[in-house]
1. Within the bounds of region 63-70, is there any residue that is free of Cβ contacts under 8 Å to residues at least 12 places away in the same chain, of a type in the set (Gly, Ala, Ser) and assigned to a loop (DSSP other than H, G, I, E, B)?
2. Condition check: of a type in the set (A, V, I, L, M), closer than 13 Å to VAL103 by Cβ and either touching a Leu at 6+ places or on another chain (Cβ under 7 Å) or surrounded by fewer than 13 Cβ atoms within 10 Å (Cβ to Cβ) (or both). Does ALA92 satisfy that?
3. If a residue must be within 17 Å of TYR15 (Cα to Cα) and buried (at least 18 other Cβ atoms within 10 Å of the Cβ), how many such residues does region 33-58 contain?
4. What's the number of the only condition in (1) more than 13 Å from the chain's Cα centre (by Cα); (2) assigned to a loop (DSSP other than H, G, I, E, B); (3) not small (Gly, Ala, Ser) that PRO39 fails to meet?
5. In region 6-35, what residues are more than 21 Å from GLU108 (Cα to Cα), in contact (Cβ under 8 Å) with a residue 24 or more places away in the chain and not in a loop (DSSP other than H, G, I, E, B)?
Amino acid sequence: MNNEPDGPTGPQAAYEAFLKQGRFMIQKSASTGEYVFYPRVCSPSGAQDLEWVEASGRGTVYAATMKRGRDGATSIVLIDLEEGPRMMSTIAGDLDLPIGTKVIARVETTGDQPRVVFDPVPNGEDGQ
């Protein structure tokens, strides 16, 4: 599913263009099945046949910290995506989530640049 958007080339530019469309996309090697995040030209194992695929958006908090300042608090997290890669992001609002919390991604379009943020999955739901 190599459906890169039109515009500037390169993995980071393609990722940002997908975000502007409201889509959270990650890369996957066609030959190895390895999922890749952050955007790059080859996988950590060296595969260069990376395609863009829609991320499930489901993940688990691996690590978290709160950044507190005069403008409020921001929850900075490392998320283990269901597909395997780990990514840094933020939790919507100023929630301080414990490690192991199930989360679901969404593309936030407020501000200068769209970005992926995570919300906690309500109890009893699987995030689908």
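1. Taking every residue of region 63-70 in turn, none turns out to be free of Cβ contacts under 8 Å to residues at least 12 places away in the same chain, of a type in the set (Gly, Ala, Ser) and assigned to a loop (DSSP other than H, G, I, E, B).
2. Against the criterion (of a type in the set (A, V, I, L, M), closer than 13 Å to VAL103 by Cβ and either touching a Leu at 6+ places or on another chain (Cβ under 7 Å) or surrounded by fewer than 13 Cβ atoms within 10 Å (Cβ to Cβ) (or both)), ALA92 does not qualify.
3. Total meeting the criteria: 9.
4. Single failed check for PRO39: (1).
5. LYS28, TYR35
Values in this text are rule-based calculations from the coordinates and carry no lab data. Being a predicted model, the structure only gives us computed values, none of them experimental. Positions of Cβ are backbone-derived with ideal geometry, glycine not excepted, and every protein chain shown enters the neighbour counts.
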